[in-house]
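**Q** Okay, here's the structure, questions in a sec.
Computed from the coordinates by the stated procedures, all read-outs in this text should not be read as laboratory data. Nothing here was measured: the structure is a model prediction, and the numbers come from that model. Counting neighbours? That spans all protein chains shown, and the Cβs are built from the backbone with ideal geometry, glycine included.
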Amino acid sequence: MIQFIFTIDYEIYGNGQGSLRELVYEPAKNLKKIFEKHEVPLVVFVEVAELEMIESQGSDSPVESVKHQVKDFYHRGFEISLHIHPQWYNAQYENGTWSLDYSEYNLCLLTRNRIEKIIDRGIQFLRRTLGDQKFIPLSFRAGNWLLQPTQTIAEVLNSRGIRVDSSVFKGGLQHQHDLDYRPALSNGYYWKFSNDVNVEDPKGALLEVPIYTEMIPIWKMATSKRVGLQRKASLSGKGANYKNNKLSRIKDLLRFRYPLKLDFCRMTISELVRMVDKVIREDEKDPITFRPLVAIGHTKDLVDFDTVESFLAYLRKNQIPISTFHDIYPKCT
């Protein structure tokens, strides 16, 4: 059985560049209209650190509209989830430019005390924004998908009532940050974990529902749509931290097969259909296995709404239900 989960990372560029109205508010408004028209749910991973810091510094006035939009998503039944790029919390804003603290780029490498403070701060921001002091997000996604080393962050998330992570993309590899999700390729569509997110632990407190990926030849990544979005991001200015580590990125790419994420913003409709068609064929042979498929998107990449409409029509035609983590969690535990 297949259930589809659309997730959107609600954020500007990771170096602080870009307009909230252009990269967050307007794309999310259009996406919300589409999902409401089709009467299907969406999981919104709200990047809390950037929004809190932008609000505190008054650096981008649409932040109030963005917060109202998040609250509206919540009250209309969309799932609000926790997403954090921790380099924002010690950021400095001077002369119209953000300087982020890249020493805190990987939340998992920080001390337990610091991790606890950051997770608590993020949850409190969501509670204030939603007007619900009892709100606890069910699911979490790490900034830049970094959930390694796993043990401490997993313990902190569990202690705060978070039960689902969706940071892993099978086959993922980032030399610069010591991320290696290649061992997860042997796992199923979801698994419980404790000390290592790559390793299934039936007694683990957290559930991993990874972003769905398919390993493909690297040359297949070079579609005009994907290249165009990458060029748009590069024109925003990636910052010195990015430029100094191009060699690490090249090393990530030097392999025969590369993980293609199920990204409804970056993929063409033909790519999306081909990937899901393959899962449908697997499901026809084995309809008993539960197959939650997590798709990812980013508001900053959300420009092709025709593809979103076409893909929703495809899923409806194939009778694939669209769900949230709240919907599927009882089926996975």
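**Q** Among the numbered criteria (1) in contact with a helix residue (DSSP H, G or I) (Cβ under 9 Å, 6 or more places away or on another chain); (2) free of Cβ contacts under 8 Å to residues at least 60 places away in the same chain; (3) closer than 18 Å to L147 by Cα, which one does K117 miss?
**A** Only one criterion in (1) in contact with a helix residue (DSSP H, G or I) (Cβ under 9 Å, 6 or more places away or on another chain); (2) free of Cβ contacts under 8 Å to residues at least 60 places away in the same chain; (3) closer than 18 Å to L147 by Cα is unmet by K117, namely (1).
**Q** Find the residue count for segment 109-168, including only residues that are among the polar types (S, T, N, Q) and touching a Ser or Thr at 6+ places or on another chain (Cβ under 7 Å).
**A** Within segment 109-168, residues that are among the polar types (S, T, N, Q) and touching a Ser or Thr at 6+ places or on another chain (Cβ under 7 Å) number 2.
**Q** Can you tell me which of (1) crowded, with 18+ Cβ neighbours inside 10 Å; (2) part of a helix (DSSP H, G or I) is the one L185 doesn't meet?
**A** So L185 meets the others, but not (1).
**Q** What's the total number of residues in segment 31-87 that are acidic (D, E), in a helix (DSSP H, G or I) and more than 30 Å from I115 (Cβ to Cβ)? Show your work before the answer.
**A** Here is the first cut: in segment 31-87, the ones acidic (D, E) are 36, 39, 47, 50, 52, 55, 60, 64, 72, 79.
Right, trim to in a helix (DSSP H, G or I) and you get 36, 50, 52, 55, 64, 72.
After this cut, where a residue has to be more than 30 Å from I115 (Cβ to Cβ) as well, the list is 36, 72.
The total comes to 2.
**Q** Now for a different question. Looking only at segment 311-328, filter to residues that are free of Cβ contacts under 8 Å to residues at least 12 places away in the same chain and assigned to a helix (DSSP H, G or I); which one of those is farthest from the chain's Cα centre (by Cα)? Give the derivation first.
**A** Initial filter on segment 311-328 (free of Cβ contacts under 8 Å to residues at least 12 places away in the same chain): 313, 317, 319.
Then drop every residue that is not assigned to a helix (DSSP H, G or I), which leaves 313, 317.
Working: A313: 23, K317: 26 Å.
It comes out as K317.
**Q** On to the next question. Return the residue satisfying two criteria in turn: it lies in segment 96-111 and is part of a helix (DSSP H, G or I) and free of Cβ contacts under 8 Å to residues at least 40 places away in the same chain, and of such residues it is surrounded by the most Cβ atoms within 10 Å (Cβ to Cβ). Explain how you work it out, then say what you get.
**A** First, pick out the residues of segment 96-111 that are part of a helix (DSSP H, G or I): 102-104, 107-109.
Applying the additional criterion that residues be free of Cβ contacts under 8 Å to residues at least 40 places away in the same chain yields 103-104.
Working: S103: 11, E104: 20.
Checking each candidate, the answer is E104.
**Q** Name the single residue, out of those in segment 1-39 being touching a helix residue (DSSP H, G or I) at 6+ places or on another chain (Cβ under 7 Å) and β-branched (V, I, T), that is nearest to V164 (Cα to Cα).
**A** Filtering first and then ranking leaves I5.
**Q** Identify, from the list K300, K331, the residue that is outside any loop (DSSP other than H, G, I, E, B) and within 30 Å of G204 (Cα to Cα).
**A** Values: K300 fails: within 30 Å of G204 (Cα to Cα).
Only one candidate passes the filter, namely K331.
**Q** Pull up segment 59-95, narrow it to residues that are farther than 26 Å from I5 by Cβ and free of Cβ contacts under 8 Å to residues at least 12 places away in the same chain, then point me to the one that is farthest from the chain's Cα centre (by Cα).
**A** N95
**Q** Could you check segment 160-182 and list, in sequence order, the residues that are of a type outside the set (K, R), outside any strand (DSSP E or B) and over 14 Å from L82 (Cβ atoms)?
**A** First, the residues of segment 160-182 that are of a type outside the set (K, R): 161-162, 164-169, 171-181.
Filter again for outside any strand (DSSP E or B), leaving 161-162, 166-168, 171-172, 175-178, 181.
V168, G171, G172, H175, Q176, H177, D178, Y181 - these are the residues of segment 160-182 that are of a type outside the set (K, R), outside any strand (DSSP E or B) and over 14 Å from L82 (Cβ atoms).
**Q** Now for a different question. Report yes if G171 is at positive phi and touching a helix residue (DSSP H, G or I) at 6+ places or on another chain (Cβ under 6 Å), otherwise no. Outline the logic, then answer.
**A** Numbers: at positive phi: yes; touching a helix residue (DSSP H, G or I) at 6+ places or on another chain (Cβ under 6 Å): yes.
Yes, satisfied.
**Q** Among the residues in segment 6-28, are any surrounded by fewer than 17 Cβ atoms within 10 Å (Cβ to Cβ), within 25 Å of R291 (Cα to Cα) and of a type in the set (D, E)?
**A** The answer is no; no qualifying residue exists.
**Q** Oh, and also: Of all the residues that make up segment 118-152, how many are within 17 Å of E47 (Cβ to Cβ) and not in a loop (DSSP other than H, G, I, E, B)?
**A** 20
**Q** Could you say which residue among V308, V294 is among the hydrophobic types (A, V, I, L, M, F, W, C), buried (at least 17 other Cβ atoms within 10 Å of the Cβ) and part of a helix (DSSP H, G or I)?
**A** Values: V294 fails: part of a helix (DSSP H, G or I).
Testing whether each residue is among the hydrophobic types (A, V, I, L, M, F, W, C), buried (at least 17 other Cβ atoms within 10 Å of the Cβ) and part of a helix (DSSP H, G or I) leaves just V308.
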